[in-house]
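Colleague: The structure follows.
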Amino acid sequence: MIINTDYFQIDDLLTEEHLLVRQSVREFVQQEIKPIIDEHAHEHKDIPDLMKKLGSIGALGPYIPEEYGGAGLDQIAYGLIMQELEAGDSAVRSSASVQSSLVMFPIHKYATEEQKKKWLPGLATGEIIGCFGLTEPNHGSNPAGMETRIKDDGDHVILNGAKMWITNSPIAHIAVVWAKDEEGQIRGMVVERDMEGFTTPETHNKWSLRASKTGELVFNNVRVPKENLFPDIRGLKGPLSCLNSARYGISWGVIGAAIDCYETAVKYSLERTQFGKPIGGFQLQQKKLAEFLTEITKAQLLCWRLGTLKNEDKATPQQISMAKRNNVKMAIDIARESRQILGGMGIVGDYPMMRHAANLESVITYEGTHDVHLLITGMDITGINAFS
């Protein structure tokens, strides 16, 4: 059964390349992710060789130029890739998003030519797995307060501190880490797995994003060569630019989760019979389905316009913030409400609603909480900073 989720014919605004990219990732998710994701989420285990598989379909750093191993695609193609991956599971999209926006993006934008050539090709294929260290035990929404420090030591710096809630940290080969130097300036660097004093304890007992690894980054007098530091970027501009790229990908990705829940609900409503007819024939169910499709369509239009602005380098952090906040709330609401259409069946693993809803509880928090993004918009409207 084919269910139309392109209610405003947005596909007409996409190129043949966009459609081809979307279809190839959709087929990958149907073949490689959906048949096994429930088992992996239930058993709290990551998908074997996921990053290499994502690399093989060009889903890692797709907007990175081909000379560094990327596919050289535009921002709309990147968004569509994130959408299809999250239709499989938020954990899959998170892994790809971290690798692309939080590791490959800063290396491509801020690293030296030698650093780019050293790490980007392997990151693009998934042979190298990266993670991103910004959030700390005492500093989440306020990254300026970070306590992780570097101290000059000749041709090295000495790194001390800790980061937490780090996707991929237990399996990462490298970490893009942000720390304050002796002058209080925030610096970015690449920390490598084999550096003495660098450990990555895993975070256990998660109810969300259970099909991916989450952990900490702990630095105990880690000697990082100065050649691993990003040479020119200083301050919060560096890490925040990475978050803008990741938030953009999230705004697309969650549409995939919402569509997966919506399509499941439509199919079930037409198959499940009560009181002598399919439950889709009752007014309350039609109300829910109509509202789901309306909200999905609004999110699609928001992302398409944001993607065109990003391709033109005109998208503002505030616009990205609005899209992330709106679309994640849209997706989690649809996951919860569509579960009710399925009644008791909605809680079992044969259907994706509960898994998506649990995952989206993380997505609505990371890369800026729902409330913080609301205040970013409020500050843009009024010019008054509500954070201080």
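The values are calculated or read from the model by the stated rules, or taken from the named source; none is laboratory data. Fair warning: this is a prediction, and the values are worked out from it, not measured in the lab. All Cβ positions, even for glycine, are placed from backbone atoms using ideal geometry, and neighbour counts span all protein chains on display. We work out accessible area using only protein heavy atoms, side chains counted, and drop any ligands, DNA or RNA first. Shrake-Rupley method; radii C 1.70, N 1.55, O 1.52, S 1.80 Å.
Colleague: Take Leu289 and tell me if it is under 21 Å from Arg22 (Cβ atoms) and either in contact with a strand residue (DSSP E or B) (Cβ under 7 Å, 6 or more places away or on another chain) or in a helix (DSSP H, G or I) (or both).
Modeller: In short, no.
Colleague: For a quick check of your reading of the model, give me the residue pairs whose first member lies in the range 10-29 and is under 17 Å from Gly256 (Cα atoms), whose second is modelled with pLDDT of 95 or more and of a type in the set (S, T, N, Q), with beta-carbon atoms closer than 7 Å and at least 6 apart or on different chains.
Modeller: If the second residue must be modelled with pLDDT of 95 or more and of a type in the set (S, T, N, Q), the pairs left are Ile10/Gln300.
Colleague: Look at Ala91 and say whether it is crowded, with 19+ Cβ neighbours inside 10 Å, touching a Ser or Thr at 6+ places or on another chain (Cβ under 6 Å), over 30 Å from Pro225 (Cβ atoms) and of a type outside the set (Val, Ile, Thr).
Modeller: Judged against the criteria, Ala91 is a match.
Colleague: A follow-up question, please. Looking only at the range 331-350, which residues are open to solvent by 10 Å² or more (accessible area, probe 1.4 Å) and under 12 Å from Ala257 (Cα atoms)?
Modeller: Listed by number, the residues that qualify are Asp333, Arg336.
Colleague: Quickly run through the range 265-285 and pick out the residues that are touching a helix residue (DSSP H, G or I) at 6+ places or on another chain (Cβ under 7 Å) and either under 30 Å from Ile76 (Cβ atoms) or open to solvent by 80 Å² or more (accessible area, probe 1.4 Å) (or both).
Modeller: Ala265, Val266, Leu270, Arg272
Colleague: Please verify whether Arg210 is out of contact with any helix residue (DSSP H, G or I) (no Cβ under 9 Å at 6 or more places or on another chain), open to solvent by 40 Å² or more (accessible area, probe 1.4 Å) and in a loop (DSSP other than H, G, I, E, B), treating the condition exactly as stated.
Modeller: no
Colleague: How do the pairs read when you match residues in the range 346-370 that are at positive phi with residues anywhere that are surrounded by fewer than 22 Cβ atoms within 10 Å (Cβ to Cβ), using Cβ under 8 Å and keeping only pairs 6 or more apart or on different chains?
Modeller: These pairs meet every condition: Gly368/Ser141; Gly368/Ile376.
Colleague: Going through the range 306-325 one residue at a time, which ones are in contact (Cβ under 8 Å) with a residue 60 or more places away in the chain, open to solvent by 60 Å² or more (accessible area, probe 1.4 Å) and either farther than 19 Å from Thr382 by Cα or of a type in the set (Asp, Glu) (or both)?
Modeller: The one that is in contact (Cβ under 8 Å) with a residue 60 or more places away in the chain, open to solvent by 60 Å² or more (accessible area, probe 1.4 Å) and either farther than 19 Å from Thr382 by Cα or of a type in the set (Asp, Glu) (or both): Asn311.
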